[in-house]
Amino acid sequence: MTAILVVEDDPLIASFLQRGLRSSGFTTAAAEDSETGLHLAVHEDFDLIILDMGLPDGDGLTMLKQLRALGRSVPVLVLTGLAERDVVTCLENGADDYMRKPFHFDELIARIRTRLRTSGTQEPFLLSAGRVRLDLRTRRATLDGRSVELTGREFALLETFLRHPDQVLSREQLLSQVWGYSFDPGTNLVNVYVNTLRKKLGADVLETVRGAGYRLRAS
């Protein structure tokens, strides 16, 4: 799965980014300062870095320069509220793309996927397992070749299952990846949406594993 590092000192923005990225099928890690961000970027494998320019131990530009000086070519997308000339400086020093704050999350995801394709990291657009296929570009779901109409949340839930075929996903995992909860809020959202999705796909496709969670059968 594609891994993205978020370097952002504002905990609310960092949490928002991670929830949204995970619900879009990415894995994430986060750092709140440039020292931690640089350490993670050098010692772990990431497919892309989202880098805020304003960090408590220096600016993101310094981290970007250090990263490139170490020979790391991982794509970097800068988040900034800086003036145009400062954006140009970031691009000249190795940033691959930028977005100004505030930004639309859908545009951020589109830019990330474009950058990943450009850098050679293939983010799959077609997910399939057994009788179910999901096209992320057209947002079309099919069962045995027949279209299945899904709501936005049902689509996100099915995408999560298709990224983990034959794997038991707990209620807590689904809450985190689809709804962005980092805790159990005592809601029955998962049960409700799994049941509605099961009615559309069939109980033989989406099964309950008693005491453990739910599984999409790939066979």
Give the order of V178, V87 when sorted by the count of other beta carbons within 10 angstrom, beginning with the fewest. V87, V178
Residue-averaged [θ]222 nm for the chain, counting only DSSP H segments that reach four residues, each worth -39500 (n - 2.57): -11500 deg cm²/dmol
Any idea how far the Cα center of the stretch 1-67 sits from the one of the stretch 144-183, in Å? 25 Å
Scattering from the C-alpha atoms of the chain alone, worked out with Debye: what is log10 I(q)/I(0) at q = 0.10, 0.13, 0.15 1/Å? -0.51, -0.79, -0.97
DSSP beta bridges in the stretch 3-118, what fraction antiparallel, as a percent rounded to 5? 10 percent
By how many degrees, 0 to 90 and rounded to 10, does the Cα axis of helix 152-162 deviate from the longest principal axis of the chain? 90 degrees
So, R0 is 25 Å and r is the distance between the beta-carbons of S219 and K199; what FRET efficiency does that work out to, to 0.05? 0.75
Hey, rough spin-label estimate for D57 and S15, points 7 angstrom out along Cα→Cβ, what's it come to in nanometres? 2.3 nm
Is the shape of the stretch 126-216 best called rounded, prolate or oblate, per the rule: a/c under 1.5 gives rounded, else a/b larger than b/c gives prolate, else oblate, with a ≥ b ≥ c the square roots of the Cα gyration tensor eigenvalues? prolate
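The numbers here are math on the coordinates, done by the rules we state, and not lab data. Note that the structure is predicted; figures quoted are calculated from it, not measured. Cβ sites come from the backbone with ideal geometry, for glycine too, and all protein chains shown count toward neighbours.
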